[in-house]
1. Taking all protein chains as present, what is the carbon and sulfur share of the accessible area of region 85-142, in % to the nearest whole number, probe 1.4 Å?
2. So, in nm, how far is label Thr61 from label Glu189 when the simple model puts each one 7 Å beyond its Cα toward the Cβ?
3. Report the residue, chosen from Ser193, Ser30, Ser222, that carries the largest GNM mean-square fluctuation when the chain is represented by alpha-carbon nodes joined by springs under 10 Å.
4. Please list, in chain and number order, the residues 5+ apart from Ala62 or on another chain whose amide H is under 5 Å from its amide H, with Hs placed from the backbone.
5. Among [x] 18.4; [y] 24.3; [z] 19.7, find the value of Kirkwood radius over Cα pairs in Å that was calculated from the structure presented, and write down its label.
6. Give the relative contact order (percent, whole number) for region 26-171; include only Cα pairs under 8 Å separated by 6+ residues.
7. Over the chain, calculate the relative contact order: mean separation of alpha carbon pairs under 8 Å at least 6 apart, over the residue count, as a percent.
8. What's the ranking of 111-122, 151-162 by average number of surrounding C-beta atoms within 10 Å, highest first?
Amino acid sequence: MSDMLGISSSAVAAYQRALGTVSNNIANVSTEGYSRQESTMTQSAPRKQASMFLGTGVLFTAVKRAFDTFAESNLRNSNTDLATQEPLVNYTQRVMDIMGDKSVGLSSALDDFFGAANALSADPASSVLRSSFLRSAEGVSSRFAELSGQLGLVGTETNQALESTTKQVNTLTSQLALVNQNMASSATEDGQSAEILDRRDLILRQLSDLVRIKTTFNTNGSVNVALGNTAAQGLVVNGNKSRPIGIDTSVP
């Protein structure tokens with residue numbers, strides 16, 4: 001009877017904790033960066049009685065993330081590729097729209113200018129044609145000034161976007177360095193809590209939305225992050241240390 005009660009007691013305790021894990025999954029279904037958790041259980045050590053081994057119940061051993069490292073890595077790489085190409089495409093499209101706009105672009109103004117020049121060359125003595133030529137020349141000049149202003153605005157917005165992105169990157173790398181510091185107490189990734197691993201992966205995902213990154217994972221789950229062409233070039237997170245980056249907008 002005592003064996004039956006002991007086995008039942010261990011089973012109830014184990015599945016209570018398992019239900020707690022399920023409840024936690026439901027509660028965090030909309031939490032950004034949360035990975036679904038799974039309970040793992042193992043058979044408790046059997047007890048030998050006479051020539052037989054009798055089971056002694058079940059043990060709740062750990063809570064693990066239902067997490068696909070390969071899929072997460074591919075997602076980060078895809079985000080990084082998109083993050084590096086999308087701003088370039090957007091700003092290029094804006095410049096093309098400005099240059100091709102009939103009211104701002106140069107095409108129509110230059111057509112009028114060369115048309116007036118050709119007409120004036122046929123009758124240089126005509127005061128009407130000279131006036132028309134001067135007006136078209138002034139039109140080209142004003143178009144250049146307008147284009148300069150529009151392109152200058154694009155350049156200013158680009159610099160502001162770069163400054164904002166730089167601040168966000170520095171904030172995230174500082175947070176990641178703190179996460180690495182908190183992970184230093186365990187020698188293996190299996191010894192880390194699911195919450196801290198989720199936090200690490202969320203920060204990496206947010207970084208990949210901003211810049212192209214290269215990552216190197218250590219045995220305890222901490223990660224080094226580089227912005228260069230290789231994982232060792234341009235390190236911005238190295239263990240529990242982060243290195244802030246900056247931009248120089250004065251370079252033409």
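The values are calculated or read from the model by the stated rules, or taken from the named source; none is laboratory data. Because the structure is predicted, anything quoted here is derived from the model rather than measured. Reconstructed Cβ throughout: ideal geometry from the backbone, glycine too, with neighbour counts over all protein chains shown. Just so you know, the surface numbers come from the protein's heavy atoms only, side chains and all, with ligands and any DNA or RNA stripped out. Shrake-Rupley method; radii C 1.70, N 1.55, O 1.52, S 1.80 Å.
1. Working: 2400 of 3950 Å².
That share works out to 61 percent.
2. It works out to 1.9 nm between the two label points.
3. Answer for the Gaussian network model of the chain: Ser30.
4. Thr40
5. So the calculated entry is the one marked [y].
6. On the way: 98 pairs, mean separation 21.6, N = 146.
Computed value for region 26-171: 15 percent relative contact order.
7. Values: 291 pairs, mean separation 41.9, N = 252.
Computed over the chain, the figure is 17 percent.
8. On the way: 111-122: 14.2, 151-162: 12.3.
So the peptides 111-122, 151-162, ranked by packing, come out 111-122, 151-162.
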